[in-house]
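Student: Take a look at this one; I'll ask things after.
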Amino acid sequence: MQKTTFDNLLQKLSQELKHQDTFMRESISPAERLAVTLRYLATGDTFTDLYYSYRIGIKTISCIVREVCHYIWLELYKEYMKMPSKEDWLHIASKFQESSNFPLCLGAVDGKHIRLIKPIDSGSMFLNYKHFFSIVLMAVVDSDYNFIFVDVGAYGKECDSSVFKETPFWKNLTNNGLNLPDATRLPGIDYDLPYVFVADEAFALHYHLLRPFGGHQLDQLKRTFNYRLTRARRFVECAFGILSNKWRIFHRPMNVSIDLAVDIVKTCCVLQNFIHKQENFQFHNASENESTLDSESELIQLPITNAVRGSLAANEVRNRFAQYFVSNEGRLSYQNNYA
């Protein structure tokens, strides 16, 4: 984080973090409160380590981190993690087309397990399939590695698909509440395709959510689709990698309460968006065979359904994307080398 970014963040939080001075001593300043919290998140130091660095009591540091994380989320999420408008969705789709050659893509979806010290009296609720204790961070990410939506706090034993189906994002997606752009037609084809999100095989296929074809004995069409989908889905994996290396609190199990762990994860996600936009981070991705989107379409659209897994319309959408990727207009010159 650059100094100007720190100053801008401090300016947004100064009133909330300012405490009353007393006759006995002056309160800890907002700048020091913010610095202690950012150091805790960025280095992964324990409260004891920070006690020796800042000469502030361990209990006081714990209260500071909880308070600052709470106010950072409240102050930033409405601006830096707000739900996109229809114009914002179109901009995200154009960036995905430019970065990964996947048209009509609105975001990549995946879950990440956040390590915890086993919570008291929790049994095996937080024990995940990787054999450590965790809560789940479910996220939707754009092609600039910014978080569009996050949901934090599900039990580690839950699978990604079941966690995602309990989020407000999924419920709005199935009820057409995300204000997504209408289905459109790509160059060279005579049918409409909807705007979609991409995910791995752990998620359920939906009209607006694509997952890879399963199995090992796949033909060239399906292998090509899986390759093209992976090119778009990698952005969420990279975003998690950036998150973990920027905020090294994720490099060790968190020895805090569940509610504080949730606040910490949400704070790190919204801070990543804040820093990227404040410091104008630019991510350059190689792309070839760029194509423009044609929004004018009068053909009948595929029927929208709220079925969760494997509906006819959802399978037809995936098949049509697969056919487009091997057509003259949608193919990449090098895709057969990797598919």
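Student: Can you name every residue in segment 159-208 that is without any contact (Cβ under 8 Å) to a residue 24 or more places away in the chain and either closer than 19 Å to Ser143 by Cβ or under 18 Å from the mean Cα position of the chain (by Cα) (or both)?
Tutor: Ser162, Glu166, Pro168, Trp170, Lys171, Asn172, Glu201
Student: Only residues that are of a type in the set (D, E, K, R), assigned to a helix (DSSP H, G or I) and within 23 Å of Ile242 (Cα to Cα): list them for segment 30-65, please.
Tutor: Step one: of segment 30-65, the residues of a type in the set (D, E, K, R) are 32-33, 39, 45, 49, 55, 59.
Adding the requirement that they be assigned to a helix (DSSP H, G or I) leaves 32-33, 39, 49, 59.
Arg39, the sole residue that qualifies.
Student: Only one of (1) farther than 22 Å from Asp160 by Cβ; (2) of a type in the set (Asp, Glu); (3) crowded, with 18+ Cβ neighbours inside 10 Å is not met by Glu98, so which one is it?
Tutor: Glu98 satisfies all of (1) farther than 22 Å from Asp160 by Cβ; (2) of a type in the set (Asp, Glu); (3) crowded, with 18+ Cβ neighbours inside 10 Å except (3).
Student: Now for a separate question. Test Tyr129 against the stated conditions and say whether it is modelled with pLDDT of 90 or more, aromatic (Phe, Trp, Tyr), in the same structural domain as Gly241 (by TED's automatic domain parsing) and closer than 17 Å to Asn273 by Cα. Outline the logic, then answer.
Tutor: Numbers: modelled with pLDDT of 90 or more: yes; aromatic (Phe, Trp, Tyr): yes; in the same structural domain as Gly241 (by TED's automatic domain parsing): yes; closer than 17 Å to Asn273 by Cα: no.
In short, no.
Student: Related question: Please work out if Asp144 is among the acidic types (Asp, Glu) and within 24 Å of Asn8 (Cβ to Cβ). Please lay out each step first, then the result.
Tutor: Details: among the acidic types (Asp, Glu): yes; within 24 Å of Asn8 (Cβ to Cβ): yes.
Yes; evaluated as a whole, the condition is true for this residue.
Student: With respect to Asn176, determine if the residue is assigned by TED's automatic domain parsing to the domain that holds Tyr207, crowded, with 22+ Cβ neighbours inside 10 Å and on the phi > 0 side of the Ramachandran plot. Even if it seems obvious, please write down each step before you answer.
Tutor: Values: assigned by TED's automatic domain parsing to the domain that holds Tyr207: yes; crowded, with 22+ Cβ neighbours inside 10 Å: no; on the phi > 0 side of the Ramachandran plot: yes.
No, not satisfied.
Student: Just a yes or no: is a residue in segment 76-91 touching a strand residue (DSSP E or B) at 6+ places or on another chain (Cβ under 7 Å), surrounded by fewer than 23 Cβ atoms within 10 Å (Cβ to Cβ) and either aromatic (Phe, Trp, Tyr) or in a strand (DSSP E or B) (or both)?
Tutor: Let us first name the residues in segment 76-91 that are touching a strand residue (DSSP E or B) at 6+ places or on another chain (Cβ under 7 Å), namely 81, 84, 89.
Restricting the remaining residues to those that are surrounded by fewer than 23 Cβ atoms within 10 Å (Cβ to Cβ) gives 81, 84, 89.
Next, only the ones that are either aromatic (Phe, Trp, Tyr) or in a strand (DSSP E or B) (or both) stay: 89.
Yes, that holds for at least one residue.
Student: Also, quick follow-up: Answer yes if at least one residue in segment 147-157 is under 23 Å from Ala322 (Cα atoms), within 17 Å of the chain's Cα centre (by Cα) and surrounded by 22 or more Cβ atoms within 10 Å (Cβ to Cβ), and no otherwise. Talk me through it step by step, then tell me what you get.
Tutor: Taking segment 147-157 as the starting set, the residues that turn out to be under 23 Å from Ala322 (Cα atoms) are none.
Within segment 147-157, not a single residue is under 23 Å from Ala322 (Cα atoms), within 17 Å of the chain's Cα centre (by Cα) and surrounded by 22 or more Cβ atoms within 10 Å (Cβ to Cβ).
Student: I need the full set of residues from segment 237-268 which are in contact with a helix residue (DSSP H, G or I) (Cβ under 8 Å, 6 or more places away or on another chain) and among the aromatic types (Phe, Trp, Tyr), in order please.
Tutor: Those that are in contact with a helix residue (DSSP H, G or I) (Cβ under 8 Å, 6 or more places away or on another chain) and among the aromatic types (Phe, Trp, Tyr): Trp247, Phe250.
Student: I'm told Gly215 meets every condition in (1) of a type outside the set (D, E, K, R); (2) more than 17 Å from the chain's Cα centre (by Cα); (3) on the phi < 0 side of the Ramachandran plot except one. Can you identify the failing condition by its number?
Tutor: Only one criterion in (1) of a type outside the set (D, E, K, R); (2) more than 17 Å from the chain's Cα centre (by Cα); (3) on the phi < 0 side of the Ramachandran plot is unmet by Gly215, namely (3).
Student: Among the residues of segment 172-187, count how many are touching a helix residue (DSSP H, G or I) at 6+ places or on another chain (Cβ under 8 Å) and over 16 Å from Gly107 (Cβ atoms).
Tutor: Applying the first criterion (touching a helix residue (DSSP H, G or I) at 6+ places or on another chain (Cβ under 8 Å)) to segment 172-187 yields 177-181, 186.
When the remaining residues are screened for being over 16 Å from Gly107 (Cβ atoms), the result is 186.
Adding up the residues that qualify gives 1.
Student: (1) in contact (Cβ under 8 Å) with a residue 12 or more places away in the chain; (2) more than 15 Å from Tyr195 (Cβ to Cβ); (3) of a type in the set (Asp, Glu): which one isn't true of Glu79, the others all being true?
Tutor: (1)
Student: Please state which one of Phe197, Phe203 is among the hydrophobic types (A, V, I, L, M, F, W, C) and under 13 Å from Phe321 (Cα atoms).
Tutor: Details: Phe203 fails: under 13 Å from Phe321 (Cα atoms).
That would be Phe197, the only listed residue that is among the hydrophobic types (A, V, I, L, M, F, W, C) and under 13 Å from Phe321 (Cα atoms).
Student: Within segment 66-76, work out how many residues are out of contact with any Lys or Arg (no Cβ under 9 Å at 6 or more places or on another chain) and in contact (Cβ under 8 Å) with a residue 60 or more places away in the chain.
Tutor: 2
Student: Continuing with this model, one more query. Looking only at segment 13-24, count how many residues are farther than 13 Å from Cys69 by Cα, among the charged types (D, E, K, R) and surrounded by 10 or more Cβ atoms within 10 Å (Cβ to Cβ). Let's see the steps before the verdict.
Tutor: Filtering segment 13-24 down to residues farther than 13 Å from Cys69 by Cα leaves 14-15, 18-24.
Now drop any that are not among the charged types (D, E, K, R), which leaves 18, 21.
Filter once more, keeping what is surrounded by 10 or more Cβ atoms within 10 Å (Cβ to Cβ): 18.
Total satisfying the criteria: 1.
Student: Can you find a residue that is under 26 Å from the mean Cα position of the chain (by Cα), charged (D, E, K, R), part of a helix (DSSP H, G or I) and within 17 Å of Thr267 (Cβ to Cβ) anywhere in segment 16-26? It would help to see each step written out before you state the result.
Tutor: Pass one, segment 16-26, residues under 26 Å from the mean Cα position of the chain (by Cα): none.
Among the residues of segment 16-26, not one is under 26 Å from the mean Cα position of the chain (by Cα), charged (D, E, K, R), part of a helix (DSSP H, G or I) and within 17 Å of Thr267 (Cβ to Cβ), which makes the answer no.
Student: For segment 182-221, which residues satisfy the criterion of being closer than 22 Å to Trp89 by Cα and polar (S, T, N, Q)?
Tutor: Selection gives Thr184 alone.
Student: While we're looking at this one, here's another question. Can you tell me which residue is surrounded by the most Cβ atoms within 10 Å (Cβ to Cβ) among those in segment 209-230 that are part of a helix (DSSP H, G or I) and either among the basic types (Lys, Arg) or free of Cβ contacts under 8 Å to residues at least 12 places away in the same chain (or both)? Full working, then the answer.
Tutor: So in segment 209-230, the residues part of a helix (DSSP H, G or I) come out as 220-230.
Pick out the ones that are also either among the basic types (Lys, Arg) or free of Cβ contacts under 8 Å to residues at least 12 places away in the same chain (or both) and you get 222-223, 228.
Details: Lys222: 18, Arg223: 17, Arg228: 28.
So the residue we want is Arg228.
The values are calculated or read from the model by the stated rules, or taken from the named source; none is laboratory data. From a predicted model like this one, the values you see are computed outputs, not experimental measurements. Note that we place each Cβ from the backbone using ideal geometry, even for glycine, and neighbour counts take in every protein chain shown.
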